[in-house]
1. If we count other beta carbons within 10 Å of each Cβ, what is the order of Leu67, Leu36, fewest first?
2. Please report, in whole Å, how far the alpha carbons of the chain spread along each principal axis, starting with the longest.
Amino acid sequence: MAEDTESPKINHSFLRDYVTEADVISTVEFNQTGELLATGDKGGRVVIFQRESEVSPLHPFIPMYTLWLNV
């Protein structure tokens, strides 16, 4: 029996109603220790995430970040 190797089709057209050019992330930066992650978008917003001390059981080598500051 042949397996279906085709990826499921996802319709992202609904995002056009919610996402604008200003929402596009244009900058990503870590601090020297990797404790903080900052992102900036074309609308001038900056969001800072702080690294979690816990490790994800599903992805132990991928750090988790939580929202720390949204300006």
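1. Ordered by Cβ neighbours within 10 Å, fewest first: Leu67, Leu36.
2. 52, 35, 16
No value in this document is a laboratory result; all are computed from the given coordinates. A quick note: this is a predicted structure, and the numbers were derived from the prediction, not measured. Positions of Cβ are generated from backbone atoms using ideal geometry, with glycine treated the same way; all protein chains shown enter the neighbour counts.
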